[in-house]
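Below is one structure; the comments refer to it alone.
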Amino acid sequence: MIDMHCHLDLYKDPIALLPEVQKRCKYVLAVTTSPRAWQKTKKVFSEIDCVQVALGLHPEILSQKSNEIDMLLSNIQYCNYIGEVGIDGSEQYKSSFLAQKDLFREVVLTTEKCGGRIISIHSRNAVNDVLDIIESNVVNSIPILHWFSGNMQEVERANTLGCWFSISPAMLSGKKGKNLVSKMPLSKILPETDAPFTEKRGVPYMPWQAIEIADTLKDIFHLDLEQIKSQLISNASELKKGIK
Ligand SMILES: [Zn+2]
């Protein structure tokens, strides 16, 4: 099945997971948290057809990894998928907030210079800052807001800007997540796990479990399970068509 935002390299033993990933997944976007991690991860997964490795620099660790900014920007031209990038406006990352905003803008501008890229975006406590940058700079790139945790107005604004959303089973466990998802267009929703940071009964979610969102989506959108699953698969192929 599909997992559009998974930190495959951060599981305890990613290599041991591979046979199962190959057997059970149609498509996994392995996002990375730094350009060096991207470099290593893509070597490990280069032979695996269903895994695509994205180039990223996680906003939470920007202060520690600022020496990798050049590596990030200079490699965007070689990657169709960028992530995890974005802005985190939480109190504990306040000191790097302006630097995060500058870097995210620079990343988006660079993707545009390259003709557009698919970007998996972190926007915790910074949805409007992320959307401001998307609004002023995105023409060809496709922004996917991963684990969207904004409010109703922000989801409407993201819709107006043509954003996609990747949704995890964990996000749908509460009422707030379900309400937000009900405002998103079903044609712009993709499954994700964000694992190994998300767990089910103390065990990290596995990439093939992202599809569990279908069970909740069927109730939100009043469709049957098979209709939802085939819609999610067709969304993923539409997304891939979106960039040259
Ligand atoms: Zn993530």
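The values are calculated or read from the model by the stated rules, or taken from the named source; none is laboratory data. Since the model is a prediction, treat every value here as computed from it, not as a measurement. All Cβ positions, glycine included, derive from the backbone under ideal geometry; neighbour counts span all protein chains shown.
For residue 41, are the conditions met, namely being in contact (Cβ under 8 Å) with a residue 12 or more places away in the chain and closer than 20 Å to residue 77 by Cβ?
Taking the combined requirement at face value, the residue satisfies it.
Take the stretch 56-74 and flag every residue that is charged (D, E, K, R) and within 16 Å of the ligand (Cβ to nearest atom).
Passing the criteria: 60, 65.
Condition check: outside any helix (DSSP H, G or I), closer than 28 Å to residue 150 by Cα and more than 13 Å from the ligand (Cβ to nearest atom). Does residue 89 satisfy that?
Answer is yes for this residue.
Charged (D, E, K, R), part of a helix (DSSP H, G or I) and within 15 Å of the ligand (Cβ to nearest atom), is that true of residue 156?
no
Could you tell me whether any residue of the stretch 97-109 is in contact with a Ser or Thr (Cβ under 8 Å, 6 or more places away or on another chain) and either among the hydroxyl-bearing types (Ser, Thr, Tyr) or closer than 24 Å to residue 14 by Cα (or both)?
Among the residues of the stretch 97-109, not one is in contact with a Ser or Thr (Cβ under 8 Å, 6 or more places away or on another chain) and either among the hydroxyl-bearing types (Ser, Thr, Tyr) or closer than 24 Å to residue 14 by Cα (or both), which makes the answer no.
Determine whether residue 119 is within 16 Å of the ligand (Cβ to nearest atom), touching a Phe, Trp or Tyr at 6+ places or on another chain (Cβ under 9 Å) and β-branched (Val, Ile, Thr).
The answer is yes for residue 119.
Looking at the stretch 32-76, which of its residues are surrounded by fewer than 16 Cβ atoms within 10 Å (Cβ to Cβ) and in a loop (DSSP other than H, G, I, E, B)?
46, 47, 49, 63, 64
With the structure loaded, tell me whether residue 184 is surrounded by 15 or more Cβ atoms within 10 Å (Cβ to Cβ) and more than 16 Å from the ligand (Cβ to nearest atom) or whether it fails that test.
yes
In the list 109, 131, which residue meets the criterion of being surrounded by fewer than 19 Cβ atoms within 10 Å (Cβ to Cβ), of a type in the set (A, V, I, L, M), away from the ligand (no atom under 16 Å from the Cβ) and not in a loop (DSSP other than H, G, I, E, B)?
Sole residue among the options that is surrounded by fewer than 19 Cβ atoms within 10 Å (Cβ to Cβ), of a type in the set (A, V, I, L, M), away from the ligand (no atom under 16 Å from the Cβ) and not in a loop (DSSP other than H, G, I, E, B): 109.
Could you say which residue among 225, 180 is modelled with pLDDT of 95 or more, among the hydrophobic types (A, V, I, L, M, F, W, C) and in contact with a strand residue (DSSP E or B) (Cβ under 9 Å, 6 or more places away or on another chain)?
Step by step, each of 225, 180 is checked, and only 180 is modelled with pLDDT of 95 or more, among the hydrophobic types (A, V, I, L, M, F, W, C) and in contact with a strand residue (DSSP E or B) (Cβ under 9 Å, 6 or more places away or on another chain).
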